[in-house]
């Protein structure tokens, strides 16, 4: 489980960086829908990172961030995930965490499932954002996992 999970986390970082490159090149930096979806994607990733530290996530009410802030927050989150990934072993993956935003009944899952959720959640919203770029006439990028494998697992280029 450890190898494929680390690969998914690495793929997610590459795919997010590739999305930000496509978005940055699109001329659509102020698009409210892209900013809203991306802010949600990044905020959920940050909330999971807080859960892993044993903190109670706080999602502050703030104005919709600009492209540059979203990109910086996303990159910073991936740096934390990368460091976390280096320390993963079977025992840390099996450790239970409680997801506080799913309160009743309590959602208690292993760290491995929480990490998988981060990847799948981001994949969902990244796909929506790529579709939005295409709809608005921009050039989305194919960030499928198999493309990442075919390209020999490149590092993200922020």
Legend entry - First in the stretch 91-109 and in contact (Cβ under 8 Å) with a residue 60 or more places away in the chain and at negative phi, second anywhere and surrounded by 10 or more Cβ atoms within 10 Å (Cβ to Cβ) and assigned to a helix (DSSP H, G or I), Cβ under 8 Å, 6 or more apart: 93/2; 93/5; 93/111; 93/112; 93/115
Inset, instruction - Considering only the stretch 105-145, state which residues are assigned to a loop (DSSP other than H, G, I, E, B) and within 19 Å of residue 14 (Cβ to Cβ). - result: 139, 140, 141, 142, 143, 144
Inset, instruction - Pick out the one residue from 45, 50 that is closer than 17 Å to residue 118 by Cβ and in contact (Cβ under 8 Å) with a residue 40 or more places away in the chain. - result: 45
Inset, instruction - Take the residues in the stretch 146-158 that are in a loop (DSSP other than H, G, I, E, B) and in contact with a helix residue (DSSP H, G or I) (Cβ under 9 Å, 6 or more places away or on another chain), then tell me which one is surrounded by the most Cβ atoms within 10 Å (Cβ to Cβ). - result: 156
Inset, instruction - Mind counting the residues in the stretch 48-89 that are modelled with pLDDT of 90 or more and in a helix (DSSP H, G or I)? - result: 23
Inset, instruction - Write out, first by first residue and then by second, each pair whose Cβ atoms fall under 8 Å of each other, whose residues are 6+ apart or on separate chains, and whose first residue, in the stretch 63-90, is touching a residue at least 40 places away in the same chain (Cβ under 8 Å) and on the phi < 0 side of the Ramachandran plot while the second is buried (at least 18 other Cβ atoms within 10 Å of the Cβ) and not in a helix (DSSP H, G or I). - result: 75/156; 78/156
Inset, instruction - Could you grab me the full set of residues in the stretch 22-36 that are surrounded by fewer than 18 Cβ atoms within 10 Å (Cβ to Cβ) and within 15 Å of the chain's Cα centre (by Cα)? - result: 36
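The values are calculated or read from the model by the stated rules, or taken from the named source; none is laboratory data. Keep in mind the model is a prediction, meaning the values are calculated, not measured. Because the Cβ atoms are built from the backbone with ideal geometry, glycine has one as well, and the counts that use them run over all protein chains shown.
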